[in-house]
Every structure is written in structure tokens, then in C-alpha cells.
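Notes follow the structure.
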Amino acid sequence: METWSTHHLYQEASSRLGNPAAASLRAYAQRLISKDLAVVFSLGHLARITGASYRMLHATVNRTRESANYRMYAVKKRSGGRRFIHAVSGDLAKVQKFISQEILQKCHPHVASFAFHRSGGIRKCAVNHCGARWLFQYDLKDFFYDITESDVYKVFLDLGYRPLLSFEMARLCTTTHLPKSIKPITHNAGFDAIPLPDAETGVPSKLAYPDKTRRLGVLPQGASTSPMLSNLAAQELDNSLSRYAADNGFVYTRYADDITVSATEFPRSISVGSIHRNIIHRIRKAGFFENKKKTHISGPGSKKLVLGLLVDGKEPRISRETYHRIERHVYASRKFGLNEASSHERFDSAYGYFNHLSGLIAFVKDVDKKRWDEFEIKMKGISLSEV
């Protein structure tokens, strides 16, 4: 990071650009500093402070090196199907890491959002629903792919960055290089610009980056910037559902693409069907879509799980079935080896199976430290060297 004084900035800028322009630059820098955000003036400045190639960044914004920037690969999802991960190339990954650490991680997501930041977590999310008699649960379909460069542009603009730079950073944090199964999102003439404003009037006069493909980039799953950008871009959804929940005595949380609304009782004028319809309406109005296969409504007497944790008591707890599944995987891996165990469980690779098992055990840590210690000891007996 650079270190400098806004006084020096003003003095140097005034000698080159004049006092009004220098005062504008100083005010811009001071607004970002007051929010503890990295001060970035332009794409060239971003290249200099990150050590990245300006030519590479400009080409990325122009969408002429999408395949060079991202390598896609698929991983098996526990719920079935495949998730596509974007592995980001070196220089762009470096710039995204800077944006993530020096800008996005300084931001505060909605209080109902519990994923992708240090003050959140699965347990902290689930505890909000302990003791509820009703659970309304929704999974957002293609969550990252529904957040476009237009949404990301608004995030950076709202943080205080200049319109052109906000557009450029939005392009650096999104991609049009998508799986064939995902239909590209096209834009109308209105978003053609994030334009260059006229120097005197401030009115857009020409496009900074003329776009022939008319495709909107979306968040790549695998980029360091995507998690927090998804939180910040979903604030409209969080605000809407939080207000609805508060107005009716419900509780709302979101963990990435998992939405839960819980209740102990309903106001007299509200039915289960109307609650469901109201939630769906707000999800769609915010620009997202529910995965109908993963929509669940649980009433009194039914088993209640939030993010894999039972919430029928005073504290969230891990289900017996989850413990048994972990124990089965650990036993098979120790006895037969990762290759045979992963093949039996129909994983594409032993590495993928090991990562899946490690993730299950990490899930235990926040809820049951004693059992996590036991699993960690057993995991030491599983060797990756034979894979």
C-alpha cells in the first residue's frame, strides 16, 4: 500500500491541474480514507499499486482475455450435480486479492448475512432460529451468476469510487467466461455506459469501453472478490426480507445462497401460503430466483435443520446422521485408503473426496470442539501421499 498525505496530493495536483481539480481529488481521497478504503484514482493507478500490468488490466476490462484470465473446472456437489470453479490467473488474482483485502473486507455486510466474513459463521446463523416452530427455507439458484457487473458497479460506486473506475473494477471482478449450461445475460443500451463523462458538464458523451458482445459479466466462483461482493450486492434482498420479518415478528437470515425465515407464531391475518408467496416475491424483486427443489417449509413437530444444524433446542447441534456419515467416511479412508474410498463414494478424485471429508470435519469445529478434536486425530492417519 502507498503512504502519502492528502496535503501533498493537493499541492502536486494543483501545480499540474489547477486548484479546483486538486481540491476535487483531495476530497475524493479523503472520503475513501474516512471509510478506511484503499484510495485508487484510476486503472493505471491500480496497476501501479498492485504491480500488475496495465495492458493486462485494460484488456480484462475490454473482455479480450477472458479465457486467459480464468480456467474453469467442475467439482461434484454433495447435493448432486456439479459446481464450476473459476481458477484465476496470477496477475488478475493479485489485483483481485488487493481489492478484496483493501476494499471489500473493510465493508460491513447486512446484519442478517452470516457468510464470507469473520463475524459470521454457520453456528451464529443457525442460533437465531433455535426454538422456532416454523421454518421457511429457500436456496437461491445460481446465486453468483445472478450478480452481474452492473450490480458490482453499483457496489463500488456506493462505496465512493469514481464512475469509470467503478466500472473498471466491476469488470475486473466479473467474467463472461461461463459454463455452457449457463445462459449469458445480455444488457440493453442503458448499461452501455459506463461512459466517459464530458469534462465540463459531467454528462456521458462517449463509451469508455465500447461493447460488441453485449454480455454482462457475472461473479466467478473461485475469485477472492466474489464472496464479499455477493454479500454487498444482495443488500437490497437482505433489507427487504429483514423488514418483512421484523414487521411480522419473524427472524430472517441469509448464509450465502441459503435463506431462512423462522417464526414461533403468525399474525392472525397471515397464512403459511401468504408468507411463502411474500418471500418469493421479495427474492424475485431483488433479482434472484429460488431453487424450487430446495424450498422447504417445516411446521410444528417436524425436524428442523438450518445449515445442517438442528435448531430444536436452546443451542444448535449436529445431527446424529451427520456424525455417522463423517465416521463412516473416516473409517473407510483409514481402512481402505483414499483411492478406494473415493471410488466407492463416486467422487471424481481422491483429492476431491479428501477435501469433502475435511470440509465436513471443519463444519463440526464451530459446534462441537470435543468431537472435532477426535476427528482431527483420526484424520492424521489418512495419507495423501498414496494418491
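The values are calculated or read from the model by the stated rules, or taken from the named source; none is laboratory data. Remember, it's a predicted structure, so these values are computed and weren't measured experimentally. Methodologically, a virtual Cβ is constructed for each residue, glycine included, from the backbone with ideal geometry; neighbour enumeration extends over all protein chains shown. SASA here: full protein model, heavy atoms, side chains in, ligands and nucleic acids out. Shrake-Rupley method; radii C 1.70, N 1.55, O 1.52, S 1.80 Å.
Shown for the range 26-80: the carbon plus sulfur share of the solvent-accessible area, taken with all protein chains present and a 1.4 angstrom probe, equals 48%.
The stretch between ALA21 and SER302, if pulled fully straight at 0.36 nm per residue, gains 94.7 nm over its current Cα-Cα span. DSSP loop (so not H, G, I, E, B), at most 16 other Cβ within 10 Å: list which GluC sites (Glu not before Pro) in the range 283-346 pass both filters. The qualifying sites are GLU345. Using a ≥ b ≥ c from the Cα gyration tensor of the range 1-102 (square roots of the eigenvalues), is it rounded, prolate or oblate, where a/c under 1.5 gives rounded and otherwise the larger of a/b and b/c decides, a/b for prolate? In terms of gyration-tensor shape, prolate. Averaged per residue, the range 294-373 has 58 square angstrom of accessible surface, using a 1.4 angstrom probe with ligands and nucleic acids left out. The phi-based Karplus calculation (6.51 cos²θ - 1.76 cosθ + 1.60; θ = phi - 60°) puts the 3J(HN,Hα) values of the range 301-306 at x, 8, 5, 10, 10, 10 Hz, whole numbers, x for Gly and Pro. Annotation: amide H of ALA223 within the under-5 Å range of HIS86, sequence separation 5 or more or interchain, hydrogens built in the peptide plane.
Hey, quick one: spin label on ARG371, modelled 7 Å out along Cα-Cβ, who in the range 102-131 has an amide N within reach, i.e. under 20 Å? 121-131, by backbone N distance to the label point.
Determine the per residue accessible area of the range 1-97 with all protein chains present and a 1.4 angstrom probe, expressed in square angstrom.
Per-residue accessible area for the range 1-97 comes out at 57 Å².
Here the spin labels are modelled as points 7 Å beyond Cα on the Cα-Cβ line, and at GLN101 and GLN11 they lie 3.1 nm apart. A DSSP coil position with no more than 15 other Cβ atoms inside 10 Å describes the following trypsin sites (Lys or Arg not before Pro) in the range 285-387: LYS303, LYS314, ARG346, LYS380.
Within the shell defined by Cβ-Cβ distances under 9 Å, the residues around ARG123 carry a net charge of -1, with Lys and Arg each +1 and Asp and Glu each -1. Calculation over all alpha carbon pairs of the chain in 20 angstrom steps from 0 returns a P(r) of 23, 51, 24, 2 percent. Exceedance of the 20 Å cut-off in Cα-Cα distance is limited, within the set LYS35/LYS106; LYS124/LYS378; LYS141/LYS314; LYS180/LYS285; LYS154/LYS183, to LYS124/LYS378; LYS141/LYS314; LYS180/LYS285; LYS154/LYS183. Here the range 277-387 has 50 percent of its accessible surface on carbon and sulfur atoms, given a 1.4 Å probe and all protein chains in place.
For the chain, the relative contact order works out to 19 percent when only alpha carbon pairs closer than 8 Å and six or more residues apart are counted.
Could you work out the relative contact order of the range 233-324, using alpha carbon pairs under 8 angstrom and six or more residues apart, expressed as a whole percent?
17 percent
Could you work out the relative contact order of the range 1-154, using alpha carbon pairs under 8 angstrom and six or more residues apart, expressed as a whole percent? It comes to 12 percent, rounded to a whole number. Taking the 1.4 Å solvent-accessible surface of the range 98-155 as the whole, the part contributed by carbon and sulfur is 49%. Loop-resident GluC sites (Glu not before Pro) (DSSP state other than H, G, I, E or B) in the range 1-103 with no more than 13 further Cβ atoms inside 10 Å of their Cβ: GLU2. Taking R0 as 25 Å, what FRET efficiency do you get between LYS293 and ALA74 from their Cβ-Cβ distance, rounded to the nearest 0.05? For R0 = 25 Å, the calculated efficiency reads 0.80.
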